Amino acid sequence: MSALISVRGARKSFGSKQVLAGLDLDLAEGESLVVIGGSGSGKSVLLRAILGLETLDSGQVLCRAKPMQGRVRDDFMDSFGMLFQNAALFDSLPIWRNVAFRLLGRMPAAKARALAIEKLDRVGLGPEVADLFPAELSGGMRKRAGLARAIAASPKVIFFDEPTTGLDPIRAATINELIRSILDESGVSAITITHDMTSVRTIADRVALLDHGQIRWQGPVARMDDAKDDYLRDFIAGRARPMARNTEPG
Amino acid sequence: MNPVRLTGRLALAATGGTGRIAIFAGRGLAGILPLQAGLLFRQIIQIGWLSLPVVGLTALFTGAALALQIHSGGERFQASDVVPAIVAIGMVRELGPVLGGLMVAARVASAIAAELGTMRVTEQIDALVTLSTDPLKWLVAPRLWAAVLTVPILVGVGDLVGIMGGWLVGVNALGFNSATYIANSWAYLESWDVISGLIKGAAFGFLVALSGCWFGMNAGLGAAGVGRATTNAVVVASVAILAANFILTGLFFR
Ligand SMILES: Nc1ncnc2c1ncn2[C@@H]1O[C@H](COP(=O)(O)OP(=O)(O)OP(=O)(O)O)[C@@H](O)[C@H]1O
Ligand SMILES: [Mg+2]
């Protein structure tokens, strides 16, 4: 069976800076892939490129073996949810309308609002935030509201860009559990970007390490600890190492 | 680079850019259907209703100043009683639409560019796409249509207020009889004078919203990118209004 998403030979440069250098990656149907990698290594750009929000210099993105464009992309988006690294909530809408954005076209407003408040509760935000505007929330609260928006319409594919960054350890653990429980629901596929090794162990079926614009290592999460790759080992252990390698990818 | 090649490049860039803007405008206008009345209504308030004070004040002072000018200028050839007619024709054909359009450009093109530019740089526009919502339908279409629909109304109000400004000065400072002034304002005015001005208003409204949306949606990175988008939107909208005014005047009155 062809993969849900395949990235083939993706190249992307900003000016003279090469961010993706012929990257290949697959996401299987129902799989939870976690992408790790140094800050600035191109993880967010990779997600944006998969969605067509960033045009690749060369290479392609396939969705079930068809180019991710036009109708294929529209159909993909219809059952998709994304948590952006900086939440990207709509400033002009109150939190509940942000969360219920997709639902509002499908059901009466009162029902959408009730569902939004339920989703907010799942990410640990009380009903009192429903009528606040994004600017009135803390960074971590915005992140969680963004998570509520991503999962509100029960998507089949979800991208999480650093779901636990900026949260306290307890909240982070709660969010990891929440994501795990969403992924356990049948048929949900996800790509999660994180720097948080607890997240990796809770969420991942498979792990991919991004470095120099390519996938340097990938494998099942269980094999991560006895991998031979020394960069991965340092990454897992949180050991300091010379960072020069990270400034000039490719 | 040699001049021929440079000219070629510039021409290609200009036509390519024009093509892209035309497609953007076309898709933006078409995106109003199926109609989402709430979104359109909100922009009508933002763009039309909230511009009333500034357009009204501009017209009032312009009409008043115009009356003074025509009066003192007209005295040179014993024609100072043409004040009401000239003020009315000048306001309705030219100054109402142009100054109204420029004031809307200052107020609205900047606001649209800043809002959409901020949404661009904070990935809100990308978020819309991931929520299966076309930014052209959700953001651009209501703004384009609200401007096309409301700026002619603003121009109409400006026309009336401007004529009233002339009347205030005429009656209080230039010794006109109130009833005569009003009668002379209408007497020489033709309906095409008014209608052409309102059409200009619709065109200027379109240019203002298009400029704001285009620069906002294509804003560069960070706060500086939004700042540049805002400046460009106002400058381009203003110049476009003056150029379009020349072209339309030529079409309408030659
Ligand atoms: N629009 C852009 N213009 C120019 N450079 C960009 C742009 N977007 C990203 N970059 C560059 O691409 C590189 C990768 O950025 P990206 O946001 O993908 O990093 P990341 O791996 O997500 O890092 P982090 O973990 O810190 O979020 C960075 O060096 C960044 O400077
Ligand atoms: Mg990132």
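Worth a mention:
- Exposure of residue A:174 as accessible area (Å², to 10), given a probe of 1.4 Å and all protein chains: 70 Å²
- To the nearest ten degrees, helix B:178-187 and the longest principal axis of the Cα atoms of chain B are 60 degrees apart.
- Förster-model FRET efficiency, 45 Å R0, residue B:183 and residue B:30, C-beta, rounded to 0.05: 0.45
- Between helix B:191-217 and chain B: long-axis angle, C-alpha atoms, 0 to 90°, nearest 10: 30 degrees
- Cα convex hull volume per residue for the range B:2-120 (Å³): 191 Å³
- Per-residue mean of foreign Cβ neighbours for A:78-91 is 4 (Cβ atoms of other chains, 10 Å radius).
- Taking the C-alpha atoms only, the angle from helix B:222-253 to the longest principal axis of chain B is near 50 degrees.
- Taking max minus min of the alpha-carbon positions on each principal axis, the range A:1-143 gives extents of 47, 33, 25 Å, largest first.
- Heavy-atom accessible area order for A:231, B:188, largest first, 1.4 Å probe: B:188, A:231
- When Rg and the Kirkwood Rh are both derived from Cα coordinates, the Rg/Rh ratio for the range B:40-253 amounts to 1.09.
- Modelled label positions at residue A:92 and residue B:11, each set 7 Å beyond Cα in the direction of Cβ, lie 4.1 nm from each other.
- Where the range B:40-253 is the region considered: accessible area per residue in Å², 1.4 Å probe: 42 Å²
- Estimated FRET transfer efficiency (residue A:133, residue A:237; beta-carbon r; R0 30 Å; 0.05): 0.10
- Anchor residue A:111: lysines whose Cα lies under 18 Å away (excluding residues fewer than 8 positions away in-chain): A:119
- Radius ratio Rg over Rh of chain A, counting only Cα atoms, Kirkwood formula for Rh: 0.97
- Accessible surface, chain A, averaged per residue in Å² (probe 1.4 Å): 43 Å²
- Where B meets A: accessible area buried, both sides, 1.4 Å probe, Å²: 1400 Å²
- Helix-only CD estimate at 222 nm, as mean residue ellipticity for chain A, using -39500 (n - 2.57) per DSSP H run (n ≥ 4): -9500 deg cm²/dmol
- Pairs exceeding a 26 Å alpha-carbon distance, out of A:143/A:228; A:43/A:143; A:12/A:66; A:12/A:228; A:43/A:228: A:143/A:228; A:12/A:228.
- A Stokes-Einstein calculation at 25 °C with viscosity 0.890 mPa s, built on the Kirkwood radius of the protein assembly as shown over Cα pairs, returns a diffusion coefficient of 94 µm²/s.
- Shown are B:155, B:235, A:72, whose ranking by accessible area with a 1.4 Å probe and every protein chain present, most to least, is B:235, A:72, B:155.
- Among B:33, A:147, B:248, the sequence by solvent-accessible area, most first, with a 1.4 Å probe is B:33, B:248, A:147.
- Candidate aspartates and glutamates for bridging to residue B:137, where Cα separation is under 20 Å - those fewer than 8 sequence places away on the same chain excluded: A:74, A:75, A:78, A:91, B:115, B:123, B:126
- Stretch gain in nm, segment residue B:68-residue B:168, where the contour uses 0.36 nm per residue and the Cα spacing is subtracted: 34.9 nm
- Heavy-atom accessible surface of residue B:150, to the nearest 10 Å², is about 10 Å², with a 1.4 Å probe and all protein chains retained.
- Minimum 50 Å² accessible area buried by the other protein chains, the range B:102-147 residues, probe 1.4 Å, relative to alone: B:123, B:124, B:126, B:129, B:130, B:131, B:132
- Taking the accessible area of chain B, probe 1.4 Å, and keeping the other protein chains in place, the carbon and sulfur fraction comes to 72%.
- Working from Cα pairs under 8 Å separated by at least six residues, relative contact order for chain A is 26 percent.
- Across chain B, C-alpha contacts under 8 Å between residues 6 or more apart give a mean separation that, scaled by the residue count, equals a relative contact order of 30 percent.
The values are calculated or read from the model by the stated rules, or taken from the named source; none is laboratory data. Bear in mind the structure is a predicted one, so any value in this text is a computation, not a measurement. Note that we place each Cβ from the backbone using ideal geometry, even for glycine, and neighbour counts take in every protein chain shown. To get the accessible areas, we keep the full protein, side chains included, count just its heavy atoms, and leave off ligands, DNA and RNA. Shrake-Rupley method; radii C 1.70, N 1.55, O 1.52, S 1.80 Å.
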